[in-house]
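The values are calculated or read from the model by the stated rules, or taken from the named source; none is laboratory data. Keep in mind that what you see is a predicted model, and the values were worked out from it rather than measured. Methodologically, a virtual Cβ is constructed for each residue, glycine included, from the backbone with ideal geometry; neighbour enumeration extends over all protein chains shown. Please note that ligands, DNA and RNA were not included when accessible areas were found on the heavy atoms of the full protein model with its side chains. Shrake-Rupley method; radii C 1.70, N 1.55, O 1.52, S 1.80 Å.
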Amino acid sequence: MSVVNYAVNENISVISMAGKPVNALSKAIRMGIVDAMASALDNDNVEAIIITSELALFSAGADISEFSGGDLSPMLPEVLAVIENSTKPVVAAVNGGAFGGGLELALACHYRVTVNHNKVGLPEVHLGILPGAGGTQRLPRLIDASKALQMIVSGAPTSVNTISELFVQIVDPADLLASAVTVAKEAVGKAIPATNLIELNHSNDTDTLFEQTRAQVSAKMRGFFAPNKCIDAVKAAFDLSFEDGLKREGELFMECMKTPQARAQQHFFFSERAAASLPQIAKDTPTRDIQKVAIIGAGTMGGGIAMNFANANIPVVLLELEQANLDKGLALIRKNYENSAKKGKLTQDQVEERMTLLTGTTKYDDLSDVDLVIEAVFEKMSVKKQVFEALDKVCKPGAILASNTSTLDLDEIAASVSRPQDVIGLHFFSPANVMKLLEIVQGAKTADDVIKTSMQLAKRIKKVGVLVGVCFGFVGNRMIEVYGREANRLMLEGATPEQIDKVIFDYGLPMGPFTMGDMAGLDIGYFVRQSRKAFIEHDPSYCTVANELVEAGRVGLKCGKGVYLYEQGSRQPIPDPTVLDIAKRKAAELDIEQRDISDQEILERCIFPLINEGANILLEGIAQRSSDIDVIYVYGYGFPVYRGGPMQYADEIGLEQVLSRMKYYQESLGEYGQHWFTPSTLLVELAEKNKKFAGFKA
Ligand code: NAD
């Protein structure tokens, strides 16, 4: 089966791409197009050429597996030059989505036709690069330049109907080929349109446009390198000739390609896809049908979780023991939907449709027909066990029994029912209707079909599911505990919460550990520490300031006082000198000398132990791959995608660097360092062999 087919009908040749699954513009397709173009140009009977696809997509763009190198000739820009310089008119019949190089291919053709509501886009910026096959030079010449700039900088898919000037015709799918043939026939004998001859004039308006776009980038894409380079490239379309603009685009493309950010973002692209793969589960494992869901507990998490299902058109029944709590939970869900409607994200009809999918009950007997139950009650083992025992009695055989516990032992919960094979952890992140991550926790006895069903369900409710094993905090919270501990210890040693938060914010997270703690509620961490005394009581410095704050009722944003102070109705943290006084007093009591702490030390001490814990998690097989940890951190904790996740960051800077700094703090921080900075065996082993986390299998 060829990836490019070639046919001649009357005086028109049709080149159609057929590289399954998405016509990624691999070397084979590029060569196929060049060969087919040569045949068409050589054939005196051929007067015009159509390029199209035999698949649902026109083309998804570059074959990014080729980014690692090899003999790639002919490169896409060379192929596009052949098309653009063709002496016979070339029409792109864009039958489906055209993205990245796929859209650039269509842009190099002399005419384009497409189908109604088709989507096209230049998503390269999401891979830390820019369109490198003329997209930044051709698109602003062919459509309104401000629209072109937005498409390139945002990478967002765009409906063809909003950029109709790019197409000669936009038709129904059944009419596409006929439309392309008409356009091709009409072009015969006429001068071929030349994008390269279109001149763009740089004016004050374009200066304003670029300035505004840069401001938008610094607000919305803080820390990313590629978006500004995209702007530079589009600017070159105004400042330089077409030829020089292409050269400049090539230089800027290479500049982006060489950055750690491009490596990180490309790593992340593959990581997200890898997370969905479960090689240990047989391909023919069936899945269970999920048509109705129950949620136990309509609190913060239960309400948010329920919304995900209603949004996916799956009926949900919420159970609370007290009618008042049920009413409160349902009212909050309605309020959330009404707020979305106010912002124009939902119509009032949609609000009502979703609310009719949500029903409430106070009786377990009403759960006899559900296919999945997700428990989201208080984080207390005795309460969880009571709930699971009740579920065991009423749920039908084969119903999946899931817990949203953050820290409790899933296997102990599973042991409280007669069907532990049906028990799984579905760990949502707060706010559960917004955060994309779903940690799917496999217990010792969880059945394969339950895991497979849960992974598919994650997709159905538009989450990214990552399979993890049972341990304290699973992957995400186990690692964040270490990071929070270190931030608290740094405060005790003399750094201010603002300094620590700023270092982390500048590194790229949306907020630092203290702002995050105040937002989540300092009491959450406090209760976790209470339940883990055996592991931490040997260290009296462990989150001691936070403990005192909670004991004094300062639990964070929800009461206007945590590590920071908050004015009524505001989420803006205000530094509080009292907290520094507490830290000073505690430090003196514990004989810890307060000192000036550098930003570098803050960053290393927050991030490296977190990576080290990630290494332990990998070694124990709690995560399947280091890239899964990265997915958890980007989608669950706002870790900057341009760093690829903590494990990719470590691979990028080198594991020996992480190891040597861990050892340094192990030595220099006395007993504290000896205990908490012990390098993971895996980190030591990989660093010594000059290896990376990527590719490690437990
Ligand atoms: P919450 O206190 O807001 O809600 C718990 C709800 O469960 C309350 O409405 C309560 O009335 C109800 N409830 C308690 N016992 C019940 C029972 N026996 N039967 C029925 N309903 C009962 O708590 P939350 O923050 O939503 O947390 C719920 C679970 O989700 C916990 O296990 C928690 O660890 C986990 N979790 C929380 C977060 C978070 O950020 N809040 C994140 C991930 C997971």
### Task
Using only the Cα atoms of the chain, build the gyration tensor, take square roots of its eigenvalues as a ≥ b ≥ c, and label the shape rounded, prolate or oblate: rounded if a/c is under 1.5, else prolate if a/b is larger than b/c, else oblate.
prolate
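Before rounding to the nearest 500, sum -39500 (n - 2.57) across all DSSP H runs of length at least 4 in the chain and divide by the residue total; then give [θ] at 222 nm in deg cm²/dmol. Before the final figure, lay out each step's value.
On the way: 29 runs with 340 residues, N = 698.
After summing the helix terms and dividing by the residues of the chain, the value is -15000 deg cm²/dmol.
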### Task
Just name one of MET254, LEU357, ALA331: the one whose Cα is farthest towards the positive end of the charge dipole of region 246-392 (beta-carbon charges, Lys/Arg +1, Asp/Glu -1).
MET254
### Summary
With every protein chain kept in place and a 1.4 Å probe, the chain has an accessible area per residue in Å² of 43
#### Entry: HN-Hα J in Hz across region 119-126 - Karplus 6.51, -1.76, 1.60, θ = phi - 60°, x for Gly and Pro
10, 9, x, 10, x, 3, 4, 5
### Message
Debye calculation, C-alpha points only, no solvent: report log10 I(q)/I(0) for region 558-698 at q = 0.15, 0.20 Å⁻¹, in the same order as the q values.
### Response
-0.88, -1.14
#### Entry: Positive-end extreme of charge dipole, region 254-394 - chosen from GLY344, ALA312, LEU367 (charges on Cβ)
GLY344
### Message
Suppose we keep just the DSSP beta bridges with both residues in the chain; what percent of those would be antiparallel, to 5?
### Response
25
### Task
Would you mind classifying region 40-84 by shape? Square roots of the alpha carbon gyration tensor eigenvalues, ordered a ≥ b ≥ c; an a/c under 1.5 is rounded, otherwise it is prolate if a/b is larger than b/c and oblate if not.
oblate
### Query
What is the set of long-range amide H partners of GLY521 at a cut-off below 5 Å, with H atoms built 1.01 Å from backbone N?
LEU557
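With +1 on the Cβ of every Lys and Arg and -1 on the Cβ of every Asp and Glu, and nothing else charged, how large is the dipole of region 1-136 about its Cα centre, in debye rounded to the nearest 20? Please list the in-between numbers first.
On the way: 6 positive and 13 negative charges, 79 e Å.
Here region 1-136 has a charge dipole of around 380 debye.
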### Query
Among 458-470, 479-491, how do they line up from the highest to the lowest mean number of other beta-carbon atoms within 10 Å?
479-491, 458-470
### Query
Whose amide H sits under 5 Å from the amide H of VAL464, counting only residues 5 or more places off or on another chain, with H placed in the peptide plane?
LEU437, LEU438
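What does the charge dipole of the chain about its Cα centre add up to, to the nearest 20 debye, if the Cβ of each Lys and Arg holds +1 and the Cβ of each Asp and Glu holds -1? Show your work: numbers first, answer last.
On the way: 69 positive and 87 negative charges, 184 e Å.
Taking the Cα centre of the chain as origin, the dipole is about 880 debye.
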### Query
To the nearest 10 degrees, how steeply does helix 204-220 sit against the main Cα axis of the chain, on a 0 to 90 scale?
30
### Task
Taking the Cα centre of region 469-577 as origin, sum charge times position over the Cβ atoms of Lys and Arg (+1) and Asp and Glu (-1), and report the length of that vector in debye to the nearest 20.
320
### Message
Compute for region 377-466: radius of gyration divided by Kirkwood radius, i.e. Rg/Rh, restricted to C-alpha atoms, rounded to two decimals.
### Response
0.95
### Query
In sequence order, what are the phi-derived ³J(HN,Hα) couplings for region 333-344 according to the Karplus relation 6.51 cos²θ - 1.76 cosθ + 1.60 with θ = phi - 60°, rounded to whole Hz, with x for glycine and proline?
4, 4, 4, 4, 5, 4, 4, 4, 5, 4, 7, x
### Per-peptide average of other Cβ atoms within 10 Å, ordering 329-338, 432-441 highest first
432-441, 329-338
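How much of the accessible area of the chain, probe 1.4 Å, is carbon plus sulfur, in whole percent? Write out the running numbers ahead of the final one.
Numbers: 15860 of 29930 Å².
In the chain, the share of accessible area belonging to carbon and sulfur is 53 percent.
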### Query
Could you give the angle, 0 to 90 degrees to the nearest 10, between helix 242-257's Cα long axis and the longest principal axis of the Cα atoms of the chain?
20
### Task
Putting +1 on Lys and Arg Cβ atoms and -1 on Asp and Glu Cβ atoms, find which of SER271, SER2, ALA415 reaches farthest to the positive end of the dipole of the chain.
ALA415
#### Entry: Spatially proximal lysines relative to LYS343 (Cα-Cα < 26 Å; intrachain offsets below 8 disregarded)
LYS119, LYS147, LYS220, LYS328, LYS335, LYS436, LYS459, LYS462, LYS463, LYS558
### Query
To the nearest 10 degrees, how steeply does helix 300-311 sit against the main Cα axis of the chain, on a 0 to 90 scale?
30
### Message
Rounded, prolate or oblate for region 29-175? Axes are the square roots of the Cα gyration tensor eigenvalues, ordered a ≥ b ≥ c, and the cut-off for rounded is a/c under 1.5.
### Response
oblate
### Query
Each residue of region 596-604 in turn: what ³J(HN,Hα) in whole Hz from Karplus with 6.51, -1.76, 1.60 and θ = phi - 60°, glycine and Pro shown as x?
6, 10, 6, 4, 4, 4, 4, 4, 5
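By DSSP, what percent of the beta bridges with both residues in region 406-546 are antiparallel, rounded to the nearest 5? If you can, show how the numbers build up before the last one.
Values: 4 of 10 bridges.
Approximately 40 percent, going by the DSSP bridge assignments.
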### Task
State, as an integer percentage, the relative contact order of the chain based on alpha-carbon contacts under 8 Å between residues 6 or more apart.
9
### Query
Can you list residues whose amide H is under 5 Å from VAL441's amide H, if they're 5+ apart or on another chain and H is modeled 1.01 Å from N?
GLY425, LEU426, HIS427, VAL468
### Query
Which of the peptides 579-590, 539-550, 407-418 is most tightly packed, and how do the rest follow, going by the mean number of other Cβ atoms within 10 Å of each residue?
539-550, 407-418, 579-590
